[in-house]
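The next block holds one structure in the form of structure tokens; read it before the comments.
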2 protein chains.
Amino acid sequence: MTIHGYLFRSHLREMSREECLERLNVEVVGRVGFNDDLGPVVLPVNYRIREGSVIIATGLSTALARFAIGKAVALEVEDVDPLTESGWSVLVRGRAEIVPHDGMPEPGGRPRPWADGPRPLLIQIVPETVTGRWLIEA
Amino acid sequence: MTIHGYLFRSHLREMSREECLERLNVEVVGRVGFNDDLGPVVLPVNYRIREGSVIIATGLSTALARFAIGKAVALEVEDVDPLTESGWSVLVRGRAEIVPHDGMPEPGGRPRPWADGPRPLLIQIVPETVTGRWLIEA
């Protein structure tokens, strides 16, 4: 425990749903949580919000494509500052589904993955719950 | 797709186990993935590496304490730069267990949570797999 820790000890406050959605709309990178045969996996992904759903582009043979479709998944988005030890995090939970052909977003409405490689499969998460917390400097 | 996207398109490279462990030892905040009754949950946590295991301090009635003990969990640690769209991520997978009384680390060896509130329960994840990826500017 350092003096710094005492000075900046932060506390948690629940975010409103509106605050959560506002944060989700601004960010472009999060972490998707799903289960493979061995249990939970957490991986960074680029995402985009379209009509209230999370859209993620992935390859046809990724772990996400193989294990998450039709299952409960989570997307976590956050911004924390190690200097002030404060920030926020938002968690979207819902079922992962393949975006149907007649529901394909325009190219401008799709996530733009930072990593190269083909990602022809669009997955959507229709939120069942959206929760978040502020970690505020005390 | 912006010109910026074309200029900085990055590619993925697997990290060695040594690179993963080095990153894990340096960082102090990650995201723990576990399952509650509804499926995957991903939440930010402060952690510490001790003798090769991930140590997390939590409260007695948190979701982590209630649902993760004895189950498969994951810890994801990352550092990504939105400007260059590059960075890295590491994933530790293993079973969450309560740290036994005779294995309690000295106070200096425990995680230092940024948020206030009591966190008397120490959970350890003994890694079964440690994997990571660099997202490198092309």
Next on the checklist: Looking at (1) over 30 Å from residue A:112 (Cβ atoms); (2) loosely packed, with under 13 Cβ neighbours inside 10 Å, which one does residue B:83 not meet, given that it meets all the others?
Outcome noted: (1)
Item to check | Which listed residue, of B:53, B:61, is touching a Pro at 6+ places or on another chain (Cβ under 9 Å) and hydroxyl-bearing (Ser, Thr, Tyr) | outcome: B:53
Item to check | Looking only at segment A:86-105, and only at residues there that are among the hydrophobic types (A, V, I, L, M, F, W, C), open to solvent by less than 40 Å² (accessible area, probe 1.4 Å) and part of a strand (DSSP E or B), the one that is farthest from residue A:11 (Cα to Cα) | outcome: A:96
Checklist entry - For residue B:121, all conditions in the list (1) buried (at least 18 other Cβ atoms within 10 Å of the Cβ); (2) farther than 15 Å from residue B:31 by Cα hold save one; what is the number of the exception? => result (1)
Checklist entry - Mind checking whether some residue in segment B:52-59 is farther than 26 Å from residue A:132 by Cβ and assigned to a loop (DSSP other than H, G, I, E, B)? => result yes
Item to check | Total residues in segment B:11-33, condition open to solvent by less than 20 Å² (accessible area, probe 1.4 Å) and among the basic types (Lys, Arg) | outcome: 1
Checklist entry - If you check residue B:128 against the conditions, is it acidic (Asp, Glu), in contact with a strand residue (DSSP E or B) (Cβ under 9 Å, 6 or more places away or on another chain) and closer than 28 Å to residue A:130 by Cβ? => result no
Item to check | Hits in segment A:29-51 (condition: closer than 16 Å to residue B:72 by Cβ, assigned to a strand (DSSP E or B) and among the charged types (D, E, K, R)) | outcome: A:36
Next on the checklist: Restricting to segment B:106-118, and then to whatever is at the interface with chain A (Cβ under 9 Å from one of its Cβ atoms) and outside any loop (DSSP other than H, G, I, E, B), can you tell me which residue is least open to solvent (accessible area, probe 1.4 Å)?
Outcome noted: B:115
Checklist entry - Can you name the condition, by its number, that residue B:128 falls short on among (1) open to solvent by 40 Å² or more (accessible area, probe 1.4 Å); (2) over 22 Å from residue A:83 (Cα atoms); (3) out of contact with any Lys or Arg (no Cβ under 9 Å at 6 or more places or on another chain); (4) among the charged types (D, E, K, R)? => result (3)
Checklist entry - Can you find even one residue in segment B:37-44 that is under 21 Å from residue A:93 (Cβ atoms), in contact (Cβ under 8 Å) with a residue 60 or more places away in the chain and within 18 Å of the chain's Cα centre (by Cα)? => result no
Checklist entry - What about residue B:76, is it open to solvent by less than 60 Å² (accessible area, probe 1.4 Å) and assigned to a strand (DSSP E or B)? => result yes
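Working only within segment A:34-52, note down all residues that are open to solvent by less than 40 Å² (accessible area, probe 1.4 Å) and more than 7 Å from chain B (Cβ to nearest Cβ).
Within segment A:34-52, A:36, A:45, A:46, A:47 qualify.
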Checklist entry - Mind checking which residues of segment A:60-92 are within 20 Å of residue A:103 (Cβ to Cβ) and in contact (Cβ under 8 Å) with a residue 60 or more places away in the chain? => result A:60, A:92
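The values are calculated or read from the model by the stated rules, or taken from the named source; none is laboratory data. All values derive from a computational prediction rather than experimental measurement. Please note: Cβ atoms are built from the backbone with ideal geometry, for glycine as well, and neighbour counts cover all protein chains shown. Keep in mind that these areas ignore ligands, DNA and RNA; they rest on the heavy atoms of the full protein, side chains included. Shrake-Rupley method; radii C 1.70, N 1.55, O 1.52, S 1.80 Å.
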